[in-house]
2 protein chains.
Amino acid sequence: MIQAARWLRLPAEHPFGLAALPYCSYTAATYTGGYRVGVAVGDHILDLTTASDRLMPARAHLFRAGSLDDFLAAGDGAWTQVRDGLTGWLSDEQCRPAIEDLMVPVGQASLRLPFTVADFVDFFASENHAANAGRIFRPGAEPLPPNWKHLPIGYHGRSGSVVVSGTPVRRPCGQFRPPGADAPSFGPSARLDFEAELGFVVGARSHLGEPVPASRFAEHVFGVCLVNDWSARDIQSFETVPLGPFLGKSFATTVSPWVLPLAALEHARVRPPSAAADLLPYLTETTHWGLDIDFEVRLNGSVISRPPYATMFWSPAQMLAHLTVNGAAVRTGDLYASGTVSGPEPDQRGSLLELSWNGTEAVPLPDGTSRFWLQDADELTISATARGPGGGRIGLGSATGRILPAVRESPAGKD
Amino acid sequence: MIQAARWLRLPAEHPFGLAALPYCSYTAATYTGGYRVGVAVGDHILDLTTASDRLMPARAHLFRAGSLDDFLAAGDGAWTQVRDGLTGWLSDEQCRPAIEDLMVPVGQASLRLPFTVADFVDFFASENHAANAGRIFRPGAEPLPPNWKHLPIGYHGRSGSVVVSGTPVRRPCGQFRPPGADAPSFGPSARLDFEAELGFVVGARSHLGEPVPASRFAEHVFGVCLVNDWSARDIQSFETVPLGPFLGKSFATTVSPWVLPLAALEHARVRPPSAAADLLPYLTETTHWGLDIDFEVRLNGSVISRPPYATMFWSPAQMLAHLTVNGAAVRTGDLYASGTVSGPEPDQRGSLLELSWNGTEAVPLPDGTSRFWLQDADELTISATARGPGGGRIGLGSATGRILPAVRESPAGKD
């Protein structure tokens, strides 16, 4: 395990130690010229836009625009070189003069969406989540849909609604059918939910008509972020047959400001449950991309769930292989998410749908209140750590959002 | 009706006369410096990038990048000014010297995707199509889903797979379940289909959390294009429950190279069938945006269907109001399509699913062959005209694609 330079005063167990090094796009009050690419180093952000100008001028153009877009597109050669460079600068005492003035405390930085989201796809890769949904919505029937163990089910979401952690989330209005009613009502969603997910950020594009095999996952996917796929269950329920979720999901999707590169997850790789299944060749992994990542979900500061990502049936390499097997291309900035992460235990469920069993079992909070669904002013935070070198944990940061009340006036067609 | 300048020798009934003036992004062999924005004038393209430099310098920056993106974002003031300018230049004999050297025959131009597609949404707005799909897939049940007359059903598609007319379409591979089989097979789709649709191109963005009322449709939507939402019915069928279409649609979506501005459709506006329905206020139109547009679908040159857009139940203004009622924002370059356009008559159906009644009734072709589904090397072309001034028809151009055979090797996970 590489040691951080002493002047950094970086505790060995810090989640943003040298084994993590996630990237962000940020600015600070003292900056002129807008956003820069940053790297988390403990409780500070290193200004990589300036550092690369000084220490790696051949790659500095990748960071000049201040978002991750150019770096993502540059491919795995650049990803490795830059990470190796960072590790060197931060462990070599002699690099101190070149970077010491480029550190900003995280608390003084303003972080934005780190990359431009191209297509957004959401999968449904947790067997526990899919089976819970089946038990809730189709009681008495087989919990999993017939296709579930043959392919990673997914659908396209709205990339224009992806927002960075900290962005307030307005409770959506829409149509839903109250129990027993014939016609739908219109109003604020009464069943607002979160979904704790892991997101995969595509760097290097592929080409239309050319499937990407699972074995090439790490050539195309740059890294991971945390995702909260906010869901309005009542709106979703009324609209979803026959074409799937639409407005019940499209009002907001929150991502963490940090993108942790795959290189940081080498020690977290595990065999996913799908490795034991009888799969078509295109879904068969030769090296496994299950991930030992522990999620934590907090509602107003209290932990309400600890979903274990290692239980996810389908790996992100299988998701990529499936997403492209029909010839669809991936582009720089494509984001695909795992779907809700739920473990087998009741306190490992990654949504209120499951935690409250569709609004039938109250989820208690330490302040004496309880929740079936999210209330206005509730703050929901997803955080996670992954297994790192030497048995330690490295951080993925967090994705948080607070619920704003709905705008109650029904939008008129007649204004 | 404004007369074209005599030197243009533009027949009054030409579909690309002065009442149309659709925009494109194109280049020509004689050009240096890449793509330009063009306008169809009869059988020629006017180089608007250069013409605006000469005749409307205050707006010329909108066309310099050679795609429609900057022009779309500029909003309806710019849209009106540029269209008025074009109409003036092309009807005024004195403008001849300023633009005569800027005309390129369409046949000598290479047209690309005219704008950068942000989010792609596909609706399901034809009652005839939705009812046909219901009769085919749920025989004996109510043809329309319970939500169908309450809201325009839609879902998100893959914007990265949108290609311009003329791009070959590779037959996709995927999983599907042969009749009677327990497990799915993998291979080339045997039920490849088209869907004839109209697409709506968003110009001016809205803001997250702020619904766009139907009455503001023309402030946000710039114009229309033709869309072929290619569909692999066997892949779609196996994957679609519970989250909707995914790989059955995401391999390719073809659009026409021309974007016809809404201003050209003033004479085509009609009352849509939904005007007679009991709708929630946000879906109530005060001015109607049904459209008298006649589609024509040709397979290898022979007309196989003539879908009438005027029969579409939901208008594009209603679709926009619904798309944003939950607070989702629209962005410049968003494309939302109508869904398959099918009229009440058998020869007005906008897909082979309906024309062959899910592969049970052969569709005869003049060469003596027939089709249930698309074969390799088949060429499918969608074209359309709209009612214009003085009872004439104006053109929307066409969207065409030829089927390439599948790449038969199963992509290995082990290469």
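Computed from the coordinates by the stated procedures, all read-outs in this text should not be read as laboratory data. Since this is a predicted model, take the numbers as computed values, not measurements. Please note: Cβ atoms are built from the backbone with ideal geometry, for glycine as well, and neighbour counts cover all protein chains shown.
Value of Rg to Rh for segment B:300-415, rounded to two decimals, is 1.06; Kirkwood radius and Rg both from alpha-carbon coordinates.
Note on segment B:264-367: Kirkwood radius taken over Cα pairs, Stokes-Einstein applied at 37 °C and 0.692 mPa s, translational D equal to 210 µm² s⁻¹.
Dividing the summed helix terms, -39500 (n - 2.57) for each DSSP H run of n ≥ 4, by the number of residues in the protein assembly as shown produces a 222 nm estimate of -4500 deg cm²/dmol to the nearest 500. Just so you know, the Cα atoms of segment B:187-233 work out to an Rg and Dmax of 16.1, 47 Å.
Legend: mean number of C-beta atoms from other chains within 10 angstrom of residue C-beta atoms, peptide A:207-216, equals 5.
For chain A, the pair-distance distribution built from all alpha carbon pairs, in bins 10 Å wide starting at 0, is 5, 22, 32, 25, 13, 4, 0, 0 percent. Taking other C-beta atoms within 10 angstrom as a stand-in for reagent exposure, A:D229, B:D84, A:D69 fall in the order B:D84, A:D69, A:D229, fewest first.
Based on Cα contacts under 8 Å between residues 6+ apart, segment B:6-112 shows a relative contact order of 32 percent. Local charge for B:T381 was computed over the other residues whose Cβ lies under 9 Å away, with Lys and Arg +1 and Asp and Glu -1, and equals -1. When A:E93, B:E361 are arranged by Cβ crowding within 10 Å, least crowded first, meaning fewest neighbours, the order is A:E93, B:E361.
For segment A:57-117, averaging the sequence separation of C-alpha pairs within contact (under 8 Å, six or more residues apart) and dividing by the residue count gives a relative contact order of 33 percent. Counting only other chain Cβ atoms within 10 Å of each residue's Cβ, the peptide A:169-179 averages 4. Per residue of A:118-127, other chain Cβ atoms within 10 Å of the residue Cβ number 3 on average. Spin-label model, B:R64/B:Q81: points 7 Å from Cα along the beta carbon direction are separated by 1.6 nm. Values of log10 I(q)/I(0) for the protein assembly as shown across q = 0.09, 0.10 Å⁻¹ run -0.90, -1.10, by the Debye formula with one identical scatterer at each alpha carbon and no solvent. How are the C-alpha pair distances of segment A:310-356 spread across 5 Å bins, as whole percents from the shortest bin up? Binned Cα distances yield the sequence 5, 17, 23, 18, 13, 12, 9, 4.
Listed peptides A:7-16, B:286-295 appear in the order B:286-295, A:7-16 once ranked by packing, highest mean of other Cβ atoms within 10 Å at the front.
Restricted to Cα atoms, segment A:207-338 shows a radius of gyration and a Dmax of 16.4, 47 angstrom. Highest mobility in the GNM of chain A, judged by mean-square fluctuation with C-alpha springs under 10 Å and restricted to A:G66, A:G160, A:G209, is found for A:G209.
Distances between equivalent label points of B:P179 across the copies, with each point positioned 7 Å along Cα→Cβ, amount to 4.2 nm, shortest listed first. Taking every Cα-Cα distance in segment A:247-325 and sorting them into 10 Å bins starting at zero, the pair-distance distribution P(r) comes out as 15, 36, 35, 13, 1 percent.
For the pair segment B:338-375 / segment A:226-296, the C-alpha centres are spaced 38 Å from each other. Considering only alpha-carbon pairs that sit under 8 angstrom and 6 or more positions apart, the relative contact order computed for chain A is 20 percent.
Size descriptors for segment A:95-181, from the alpha-carbon set: Rg then Dmax equal 21.5, 70 Å. Could you please report the charge total around B:L335, scoring K, R as +1 and D, E as -1 over all other residues with beta-carbon less than 10 angstrom from its beta-carbon? Net charge around B:L335: -3. Packing, taken as the mean count of other beta carbons within 10 Å per residue, orders the peptides A:24-37, B:107-120 from highest to lowest as B:107-120, A:24-37.
If the elastic network links every pair of Cα atoms under 10 Å, which of B:G395, B:G223, B:G134 fluctuates the most in the Gaussian network model of chain B? Residue with maximal mean-square fluctuation among B:G395, B:G223, B:G134: B:G134. The residue in chain B that lies nearest, by its beta carbon, to the axis linking chain B with chain A is given here with the distance in whole angstrom as B:G244, 1.
Label-point spacing for A:A29 across the identical copies (point 7 Å from Cα in the Cβ direction), in nm and ascending order: 6.3. Rounded to the nearest whole Hz, the Karplus-based 3J(HN,Hα) values (6.51 cos²θ - 1.76 cosθ + 1.60, θ = phi - 60°) of segment A:387-398 follow the sequence 5, x, x, x, x, x, 10, 10, x, 10, x, 8, with x at glycine and proline. For a distance above 18 Å, tell me the whole-number percent of Cα pairs in segment B:6-112 that qualify. Summing the P(r) tail past 18 Å for segment B:6-112 gives 43 percent. For A:T116 and B:W7, the FRET efficiency from 1/(1 + (r/R0)^6), where r spans their Cβ atoms and R0 equals 35 Å, is about 0.15. Across the identical copies, the 7 Å label point of A:T369, projected outward along Cα→Cβ, sits 6.7 nm from its counterparts, in ascending order.
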